[in-house]
Amino acid sequence: MKIGMLTSGGDCQALNAAMRGVVKALSNKVDDLTIYGFLNGYQGLIYGKYRLLTRQDFSGILTVGGTILGSSRTPFKDIRKPDANGLDKVEAMKANYNKLKLDCLVILGGNGTQKTANLLSREGLNIIHLPKTIDNDIYGTDVTFGFYSAIDIATHAIDCIHTTAASHNRVFIVEVMGHKVGWLTLYAGVGGGADIILIPEIPYDINNVISAIKKRHDSGKNFTILAVAEGAISKEDAALAKKEYKKKMEMSKYPSVSYQIAHELEEKAGVEARVTVPGHMQRGGAPNAYDRILCTRLGAAAAEAILEKDYGNMIAMVNGSTKRVSLEKVAGKLKTVDPNGQMIREIKDLGISFGD
């Protein structure tokens, strides 16, 4: 049996653990197993850059963050465009797959990666996709690997801010990753005890944010912590057309929405606010125990699908069980936070404001 593997898009803590799960499970069932690791995501598949891997390459990497294969972003919107030398990327990927006579290609990645995986499946390649992203926004699975490890880091950042915020009687904004969805900010905000949580799915009114801060102050609380998603958006901006909003963001003098909010708090309410951005720390370090277990299970389930030649699927986690989900049914869909969902209602019952 010959399989290829690649990791595409932003890295996360449990990519190595997931690849290890696939290889260990296959190794226990297949005597003659050849593994090709494509380097730096789809770029390796396009340009035929790979290395032959042995079972030893997957030993001792359960706890290692990042990816032993390297990664890169190859936007789906550009996948059909020829490269600078006129190379047809899709045809090149198919040619390299067939040149190596692969039985299957295991692709680990997020939404954009998944769309390209589905395209390759439609083109006749045997594909298995494993859902990776700290954003937890892949449709069809309850959880993506990398999510809970990133929660731990973002929550720790908020924990650290608590003491300095209390010491200096200030408002602190912790900016959490997540451009399109707010899962990471939501979970980290709750886990870290944030007082205000701003996510893309619930546009905020800065006046409501100010009211929430004043309410805490009037009740004797001398500090406030905001967990703000990268993609948090005001009600005013949410009412704009996409092109108008994009143009406004291009002309903005602020590095991110968090700095804009900090400026507005000072200008409109005389509130001194400080911004902390953990940034790529949220992707780094070792995977936590949850993600190690999750990836081991997803990897074993992927191996089972490969042995049964059941291709064109994402290996998902649904209600605590692994499940094969057709790429055709989920590719291109986004899993967002429901503004009216149970979790949001429960959090609001605690007195946490979403600025709406």
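From most to least packed by mean Cβ count within 10 Å, the peptides 339-351, 258-270 give 258-270, 339-351. For the chain, the equivalent ellipsoid derived from the Cα gyration tensor has semi-axes of 41, 22, 17 Å, listed largest first. Under the criterion of Cα pairs below 8 Å and six or more residues apart, the relative contact order for region 107-204 equals 21 percent. Using the 1.4 Å probe convention, the accessible area of the chain works out to 45 Å² per residue with neighbouring protein chains retained.
The Cα-based radius of gyration of region 192-319, divided by its Kirkwood radius, gives an Rg/Rh of 1.14. Evaluated at q = 0.16, 0.24 Å⁻¹, the base-10 log of the normalised Debye intensity for region 117-208, with identical point scatterers placed on the Cα atoms, takes the values -0.73, -1.20. For the pair region 293-354 / region 152-222, the C-alpha centres are spaced 26 Å from each other. Cross-link check: pairs Lys81/Lys115; Lys115/Lys329; Lys2/Lys132 evaluated at a Cα-Cα cut-off of 18 Å; pairs beyond the cut-off: Lys2/Lys132.
Quick check on the chain: helices-only [θ] at 222 nm, where DSSP H runs of length 4 and up contribute -39,500 (n - 2.57) each and the sum goes over total residues. Nearest 500, please.
-12500 deg cm²/dmol
Between Met281, Met19, Met249, the residue with the greatest mean-square fluctuation in the GNM of the chain (Cα pairs under 10 Å linked by springs) is Met249.
Dipole size of region 8-95 about its Cα centre, with +1 on Lys/Arg Cβ and -1 on Asp/Glu Cβ: approximately 140 debye, rounded to the nearest 20.
Beyond 22 Å, what share of the Cα-Cα pairs of region 51-190 is found? Please give it as a whole percent. That fraction is 55 percent.
Take every pair of alpha-carbon atoms less than 8 Å apart whose residues are at least six positions apart; their mean separation over the length of the chain yields a relative contact order of 23 percent.
Among Gly60, Gly193, Gly70, the largest mean-square fluctuation in a Gaussian network model of the chain, built with springs joining Cα atoms closer than 10 Å, belongs to Gly60.
Here the accessible area is traced with a 1.4 Å probe on the protein chains. For the chain, carbon and sulfur cover 49 percent of it. The share of Cα pairs per 5 Å bin across region 93-136, counted from zero up to the longest distance, runs 6, 22, 31, 22, 11, 6, 2, 0 percent.
Largest GNM mean-square fluctuation among Asn169, Asn28, Asn313, using the chain with Cα springs under 10 Å: Asn28. If you model region 28-70 as an ellipsoid using its alpha carbon gyration tensor, with each semi-axis the square root of five times an eigenvalue, the axes come out at 20, 16, 7 Å, biggest first.
The share of C-alpha pairs in region 165-260 whose separation exceeds 16 Å stands at 57 percent. Hey, got a sec? Which GluC sites (Glu not before Pro) in region 281-334 land in a DSSP loop and have at most 12 other Cβ atoms within 10 Å? Taking region 281-334 and a limit of 12 other Cβ atoms within 10 Å, the loop GluC sites (Glu not before Pro) found are Glu308.
Based on the inverse mean of 1/r over its pairs of different Cα atoms, what is the Kirkwood hydrodynamic radius of region 212-262, in Å? If you can, show how the numbers build up before the last one.
Working: mean 1/r = 0.0775 Å⁻¹.
For region 212-262, the Kirkwood estimate is 12.9 Å.
The values are calculated or read from the model by the stated rules, or taken from the named source; none is laboratory data. Bear in mind the structure is a predicted one, so any value in this text is a computation, not a measurement. In this analysis, Cβ positions are derived from the backbone assuming ideal geometry, glycine residues included, and neighbour counts consider all displayed protein chains. Ligands, DNA and RNA are excluded from the accessible area calculation, which covers all protein heavy atoms including side chains. Shrake-Rupley method; radii C 1.70, N 1.55, O 1.52, S 1.80 Å.
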